[in-house]
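Below: one structure, written as structure tokens.
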Amino acid sequence: MGIKTVKRHGDTLRDKLYIPAIVSGMKTTMRHFVTNIKDNSNLITKSYPEVQPTDITDRYRGVHRLTKREDDSISCVACYMCATACPADCMFIEATERTDGVDEKMPAVFNIDLLECVFCGYCVEACPCDAIRMDTGIFSFVADQRKDFILSKEALLANTRSKDFSDD
Amino acid sequence: METKIVSKRFHIPESYKLEVAKKHGVYGSLEKLFTMTPDEVITAVEKSNLRGKGGGGASCGQKWRYMPLNDPRPAYLIVNADESEPGTFKDREVMDKDPHLLIEGIICSSYAMNIHTAYIYIRGEYKWLADRLNTAIDEAYEAGIIGETLMNGACDFKLDIVVHRGAGAYICGEKSALIESLEGKRGHPRLKPHQKECEWYFGDPATVNNVETIASVPEIVEFGYEAYTKHGTPKSPGTMLFALSGPVKNPGVYELAFGHKMIDVINTLGGGMKDGKKLKAVIPGGVSCPILTADEVNKAVLDYESMWDIGSTLGTGGMVIIDEDACMVEVAKNIIEFYHHESCGQCTPCREGTGWIDTILHKVIHQQGKLSDIDNISDVCGTLNGKTICVFAPAVADIIGSIVVKFRDEFETYILNNQGAEHE
Amino acid sequence: MSNIVNIVIDGKEVEAEKGAVLIDYLFKQDIDIPHFCYHPALGTDGNCRMCMVEIEGSKRPQISCDTPVKEGMVVRTQGENIEQVRRDILELELINHPVDCPTCDQAGECKLQDYYMAGGFYESRLEAESKVKAKKAVDLGKNVMLDQERCVLCTRCTRFTDEITHTNELGIFSRADHSVISTFPGQELESDYSMNIVDLCPVGALTSKDFRFNQRVWFLESFEAICSGCSKGCSIHVDHKKEKYKDDQIFRFRPREDHDVNGYFICDDGRLSYKDENDNRLNDASINQETVSTKEALTNIADVLTANPNDTLLLVSPFLSNEELALIKEYTLNNGTTLSGYSPQYYDESFADDMLRTSDRSPNRAGMMALRINENEKDFNELLSQKKVIVVIENSYFEDKAELFKDKKVILFSSKDTKVKEFANTVLPVASFLEKDGSYTNSESVTQHIKSGIRKNAPVGTLTSLWKAIESLSKEKA
């Protein structure tokens, strides 16, 4: 295999002086500075939290929710496919017998540790029952204790599809 | 046209009674029987080439040879009277009109195989025939014909005959399922043995024969095999009870020598088609045989070999006639409903396949059929054929498969029109 | 040997025993022929029709479970034709199957799933609404749950109750695709071996009520061990799992095929004895009822043992492994303490039967006898009255006989939290039966080895390690 020698950059006097490069950089910075000072309506940066984002799309993976059947009961049958698919190992499920005749099995415990979750969406993909979704549009969750970041079954069921999203 | 051997006393009023039947020659073969050795009897049956009349058509004499000789275990004769094949109703004529002929046949066969206990396994629904048989057997015991000795001591040979009623399962007409049922188990066919051998009843040797086969034996014993082979064709000698059903003028059971043309039988004995309708198809030997179209019926000859040659089988000789008014989709649905109901459920292909075909045809009849359903039925028939323990599933594949293939146009029209192609 | 014949399997010439069942031979060759109804313990039934192979010279594919090996036989287990046949039959198995894998405990070890993944993959040609419905979640008694819809009617379970336990509780009811397995009316499963039908069931029709919904099987880890429920020492698989933020836990025992010991099965009591392993554990060392560190307890024991060797009786038990017994026996021989293995409390005549269960409900009495450890009652009682220091090692003899400890110094080594603790001067927890390695000799003199796979968060020391610590502490003092 032959070797091709490439000429090294930055060997010229102009390059070694650095000043021209700094000046051309500053020129770009100043142009933006002036434009933004004159008219700040085009600014990308938002004054969050006073200004909330409006560009969250239907495909945005927010905090999870557990879906419900037509009779308003939980869809999840505790098959553990989500926990199996989860790369962060952040889903903690305990199954129990379901006695209302709708199905055989349901989760007694269904916890998701949001601090461990990497929001990859694999759980949604893995679910054979469409029982877990990440379409709440919730991107912000705050708490002052670690345990409060663990969402229980009840909390997950209480979450709903974001109103900003189109109907499914 | 008829040749009456088994049916010779059918026309006599009250021929089921011992005194009437005796006047007309029943038990006449026994005198000669007692002069013969058992081996001579089997040889005579072998030479007569008497074939099993239950549908298989295997040589009866060969079957008897499979019984082990000089075996210390008791042996059993089991008469298969579980006649449940749709379109077949010949055995019941024998049991109804001439039960003593059957007893005579049992005596001859038991004598030949040194059997002292014979069972008649009768279809559960044939309650009145079981009663008739029991009355006849009681008469025979009372008259000393069977029991501790035969014919009041004419032969020192103990023989007991027991009638056992089935519980109404078609599959118990399959010999190994019949034995399972007789043993008190669920009627599931057994795996076929790897070499030719007799059947086993509670581990003891047994042989299973159809009613008509057994009823044919006295003739061979009394008049010799030569007299029997005079009738019929060289390969299918003798006679068979053919049953005609469907829209013919004279449906019924007729005893014929093998070798008659099917269309002649339908037109002469059957009296031709009712109301001048056109013949559309015939299922030749009980519904388990591939269907014959009108063209094929014109060519068909009633013996085993000729029927195989045209791609069907003689089966039990129960011909189901179908006229031009019948819709073949409904014929198929009717037949598959029967099989779906009667599959014993042992082997997967039959258990699930019969139900599947039934579901597809149900859909077709309820106007939800698709053209692909026809291929699906053929596909399932393929899976049913030759992949199960007994011949139930291949029979389903034969009849349903043949209807779908031979009347495919009609299925297609039916599905496309969303209603019966030849519906009224 | 003349019994060996040459046959060709998938183009490879091999030697096989004449007359052997072909499917058995294929298993031995590591050819996994799909099958439901065949099981080596139950023999051929031939109903599932899955194990079909092509045999040159026969018109149709043949079921390998009912094909004897013959000289010159040419067998094909692969190829388009035979795979199509299998796929067709599998399709039929599945048309009335509810495909409720998410709620089914068998998922992950289900033959239907395996075969579908191996060669199924077809578009469904049957609508779900036309599937035949049957009963789900039927409690058959004896810890077995039945789901009639998932059943493939292989009849392994009915054949097990007919031919193995001879209890005949199960039968097939109805016909065709309405056929279902059930107990006879008014009857429940009653055999002590009933739960074996859960293992026998190739699909999720029969599941264990005890294991029901507890864990998905693909999370479980497994190691080979023996059951300590009686002196038969049945070979088992121990299925356990250390879940995140939890401790290692045993979820179930399964029988392990072992023709020297138990064959294919284990009894229900043995199977459920995994609960004893998890329950009622002794965790803390104590001296005179006060919790101390292991180190302190060990020093205390070493002190007592070195002070009065001639006045000390060590009572071991048939629950200890051969290695542990040998270690303690050697110790007693070296320093003059006395050893007994007296343990009549483990005998229970009512437990024995004519299948697997024996009357001695301890796993290693034969090993104890082989080491000539004295079990004599008279000798034991004599020693008990003489000796002032009693060291009880994993032996429950004193459970309801604490009055015998009067005026004695008692040292207790135990994996279980027992009442004896209250009467003991020094208490030291030890690793339980399945938490340690060791070998055990069963009543038929078969020695089996356990290599434990359990990884507790805070493992308790094994008797061997603790005893060695005591020995070295004693030596320091001397």
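Of the trypsin sites (Lys or Arg not before Pro) found in the range A:30-101, those in coil by DSSP whose Cβ has at most 10 other Cβ atoms within 10 Å are A:ARG59.
Averaging sequence separations of C-alpha pairs under 8 Å and six or more residues apart, then dividing by the length of the range B:18-230, give the relative contact order as a whole percent. Could the numbers behind the result be given before it?
Working: 379 pairs, mean separation 66.8, N = 213.
Rounded, it is 31 percent for the range B:18-230.
For peptide C:366-374, the mean count of partner chain Cβ atoms within 10 Å of a residue's Cβ comes to 0. For the range B:313-328, the residues whose amide N sits under 15 Å from a probe point set 7 Å from the Cα of B:VAL405 along the beta carbon direction are B:313.
Here's how it looks for B:HIS164: its modeled amide H is under 5 Å from those of B:ILE120, B:TYR121, B:ILE122, which are all 5 or more places away or on a different chain.
When only the Cβ of Lys, Arg, Asp and Glu is charged (+1, +1, -1, -1), the dipole of chain C relative to its Cα centre reaches about 780 debye.
What is the diffusion coefficient of the protein assembly as shown in µm²/s, taking the Kirkwood radius over Cα pairs and the Stokes-Einstein relation at 20 °C with a viscosity of 1.002 mPa s?
Values: Rh = 36.1 Å.
It diffuses with D of about 59 µm²/s by this estimate.
Placing unit charges on the Cβ atoms of the charged side chains and taking the dipole of chain C about its Cα centre, the candidate lying farthest along the positive direction among C:ASN47, C:GLN386, C:TYR397 is C:GLN386.
Taking every C-alpha pair closer than 8 Å and separated by at least 6 residues, the mean separation divided by the residue count of the range B:252-362 gives a relative contact order of 24 percent. The GluC sites (Glu not before Pro) of the range B:242-333 that DSSP puts in a loop, and whose beta carbon has at most 14 other beta carbons within 10 Å, are B:GLU324. Each residue of the range C:391-407 was assigned a 3J(HN,Hα) from its phi angle through the Karplus expression (A = 6.51, B = -1.76, C = 1.60, θ = phi - 60°), giving 10, 9, 10, 6, 10, 8, 4, 8, 3, 10, 10, 5, 4, 5, 7, 3, 6 Hz with x at Gly and Pro. Hey, with R₀ at 30 Å, roughly what FRET efficiency would C:LYS388 and C:GLN249 work out to, going by the Cβ-Cβ distance, to 0.05? According to the calculation, E is roughly 0.15.
Taking the helices alone, the protein assembly as shown has a mean residue ellipticity at 222 nm of -9000 deg cm²/dmol, built from -39,500 (n - 2.57) per DSSP H run of at least 4 residues and averaged over all its residues. Please list, or write none, the lysines whose alpha carbon is within less than 27 Å of the alpha carbon of C:LYS135, excluding same-chain residues fewer than 8 places away. Counting by Cα, and skipping residues close in sequence, C:LYS135 has these lysines nearby: A:LYS68, A:LYS105, B:LYS185, B:LYS363, C:LYS111, C:LYS209. For the residue pairs B:LYS53/B:LYS175; B:LYS4/B:LYS280; C:LYS416/C:LYS468; C:LYS295/C:LYS468; B:LYS387/C:LYS12, alpha carbon separations beyond 18 Å are given by B:LYS4/B:LYS280; C:LYS416/C:LYS468; B:LYS387/C:LYS12. Here's the picture: a label point sits 7 Å out from the Cα of A:THR54 along the beta-carbon direction, and within the range A:141-168 the residues with their amide nitrogen under 15 Å of it are A:164-165. In a solvent-free Debye calculation with one equal scatterer on each Cα, what is log10 I(q)/I(0) for the range B:92-237 at q = 0.11, 0.13, 0.17 Å⁻¹, listed in the order of the q values? Each listed q corresponds, in turn, to -0.46, -0.65, -1.08. Dipole orientation for the protein assembly as shown: of the candidates C:MET117, C:SER350, B:ILE291, C:MET117 has the Cα lying most toward the positive pole (charges on Cβ; Lys, Arg +1; Asp, Glu -1). Compared with the dominant principal axis of the Cα atoms in chain A, helix A:19-38 is inclined by about 60°.
When the protein assembly as shown is described by a simple charge dipole with +1 on each Lys and Arg Cβ and -1 on each Asp and Glu Cβ, the residue from B:CYS390, C:SER472, C:PRO429 located farthest towards its positive end is C:SER472. Here the range B:132-207 and the range C:53-99 have alpha carbon centers that stand 36 Å from each other. Inverting the pair-averaged 1/r between distinct Cα atoms of the range A:1-140 gives 20.6 Å as its Kirkwood hydrodynamic radius. For chain B, the share of DSSP beta bridges that are antiparallel, to the nearest 5, is 50%. Amide H contacts under 5 Å for B:LEU302: B:GLY259, B:HIS260, B:LYS261, B:MET262, restricted to partners 5 or more places along the chain or on a different chain, H placed in the peptide plane at 1.01 Å from N.
Sequence-ordered 3J(HN,Hα) estimates for the range C:254-266 from the Karplus curve with 6.51, -1.76 and 1.60 and θ = phi - 60° stand at 10, x, 10, 4, 8, 6, 7, 10, 10, x, 10, 10, 9 Hz, glycine and proline given as x. Close amide H pairs (under 5 Å, H built 1.01 Å from N) link A:ALA108 with A:GLU94, A:ALA95, A:THR96, residues at least 5 positions away or on another chain.
Setting aside same-chain residues fewer than 8 positions from C:LYS241, which aspartates and glutamates have a Cα under 19 Å from its Cα? Result set, ordered by chain and number: A:ASP89, A:GLU94, C:ASP105, C:GLU109, C:ASP210, C:GLU221, C:GLU224, C:ASP276, C:GLU277, C:ASP279, C:GLU435, C:ASP437.
A simple charge model with +1 on the Cβ of Lys and Arg, -1 on the Cβ of Asp and Glu and nothing else charged puts the dipole of the range C:55-139 at about 260 debye relative to its Cα centre. Only Lys, Arg, Asp and Glu carry charge here, each on its Cβ (+1 for the first two, -1 for the last two); on that basis the range B:328-420 has a dipole of about 120 debye about its Cα centre.
For chain B, the relative contact order works out to 16 percent when only alpha carbon pairs closer than 8 Å and six or more residues apart are counted. Among the trypsin sites (Lys or Arg not before Pro) in the range C:406-473, those located in a DSSP loop and surrounded by at most 12 other Cβ atoms within 10 Å of their own Cβ are C:LYS406, C:LYS451, C:ARG455. The distance between label points at C:ASP303 and B:ALA227 comes to 11.5 nm (points 7 Å beyond Cα on the Cα→Cβ vector). Each peptide among B:384-391, B:29-36, B:243-250 gets the average number of other Cβ atoms lying within 10 Å of its residues, and from highest to lowest they stand as B:384-391, B:243-250, B:29-36.
Report Rg(Cα)/(2.2 N^0.38 Å) for the range C:197-257, keeping two decimals.
Scaled against compact globular proteins, the figure is 1.20.
Tell me, what is the FRET efficiency for B:GLU183 and C:GLU224 to the nearest 0.05, using R0 = 41 angstrom and their Cβ-Cβ distance as r? So, using R0 = 41 Å, E works out to roughly 0.45. Using 0.36 nm per residue and subtracting the Cα-Cα separation, the extra length available between C:ASP417 and C:ASN81 on full extension is 114.7 nm.
Exposed loop chymotrypsin sites (Phe, Trp or Tyr not before Pro) only (DSSP loop, at most 12 other Cβ atoms within 10 Å): please give the longest stretch of chain C free of them, not including the sites.
Numbers: sites that count: C:PHE121, C:TYR122, C:TYR245.
Longest gap between qualifying sites, sites excluded: C:246-478.
The numbers here are math on the coordinates, done by the rules we state, and not lab data. As the structure is a prediction and not an experimental result, all values here were calculated from the model. Neighbour counts are summed over all protein chains in view; Cβ atoms, including those assigned to glycine, are modelled from backbone coordinates with ideal geometry.
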